[in-house]
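Okay, so here's the structure we're looking at.
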Amino acid sequence: MQSNTCDEQWLLRLLQQDSEDAFARIFERYHRKVFHTAISFLKSADHAEEIVQEVFLKIWLKRNDASRIQNLDAYLSSMTRNCILDRLKKAAYESDGLRSFTAIQSYSTSNTDHRLRNRQCETWLAAAIRQLPERQQQVYHLARTEGWSHDLIALQLGISRLTVKKHMAEALQSIRRTLQGYISACFLLAFFFP
């Protein structure tokens, strides 16, 4: 283990001196681990390969700071996790549902009545969410606002996927109960003021 750490530090010093050979050795040693971590979350070999490229591109671009890295394995694991989280957030943002919501929102901005109704419904929803216990609020926010999967939420919060699912189900049930009276008001507004 000691020789492996010394070897890593030696490679990092060479990398800092712009050694392509050192970079190639680091890549050869760690690219499979980065790939396997990425594919376990992204479920796509193409996306996992993009994460590998992104991680090692960042290593190369930040090579001048390489001597500051104490544990290369831990550093790469952290960088991989951050790249995966960024990719999942971006995918959630670009999902069809969010694009449809954005299109509906932009369409309704031309009509003041629609904007007022939407704002009122959003206010009611926010009030219902604030009534949830803190952990349910966290899970709901990460799932619905950030678009994260239950697996990713479990990883981020340090709880099981089943616990995430339970919190989400309870949160939705509580929100539905709270909004029942408000929903009928929304429909009445929409009916009388189209």
Exercise. Would you mention how many residues in the stretch 77-127 are at pLDDT 65 or above and closer than 21 Å to residue 153 by Cα?
Key: 17
Exercise. May I ask you to list the residues in the stretch 148-169 that are under 17 Å from residue 82 (Cβ atoms) and either surrounded by 15 or more Cβ atoms within 10 Å (Cβ to Cβ) or in the same structural domain as residue 39 (by TED's automatic domain parsing) (or both)?
Key: 148, 149, 152, 153, 155, 156, 157
Quiz item: List pairs: first in the stretch 60-89 and not assigned by TED's automatic domain parsing to the domain that holds residue 21, second aromatic (Phe, Trp, Tyr), Cβ under 9 Å, 6+ apart or cross-chain?
Solution: none
Quiz item: Can you list the helices (runs of 4 or more DSSP H) found entirely within the stretch 1-89 that contain at least 2 residues being under 30 Å from residue 143 (Cβ atoms)?
Solution: 20-42, 45-61
Self-check item: Residue tally, condition under 12 Å from the mean Cα position of the chain (by Cα) and crowded, with 17+ Cβ neighbours inside 10 Å, over the stretch 121-147
Solution: 3
Practice problem: Give the stretch 7-42 a look and list any residue that's surrounded by fewer than 18 Cβ atoms within 10 Å (Cβ to Cβ) and of a type in the set (Asp, Glu), or say none. | Solution: 7, 18, 20, 21, 28
Quiz item: Going by the structure shown, is residue 68 exposed (fewer than 12 other Cβ atoms within 10 Å of the Cβ), modelled with pLDDT under 90 and over 23 Å from residue 153 (Cα atoms)?
Solution: yes
Quiz item: Taking residue 134, is it out of contact with any helix residue (DSSP H, G or I) (no Cβ under 7 Å at 6 or more places or on another chain) and among the charged types (D, E, K, R)?
Solution: yes
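The values are calculated or read from the model by the stated rules, or taken from the named source; none is laboratory data. These numbers come from a predicted model, not from an experiment. Cβ coordinates were reconstructed from backbone atoms using ideal geometry, including for glycine residues, and neighbour counts include every protein chain displayed.
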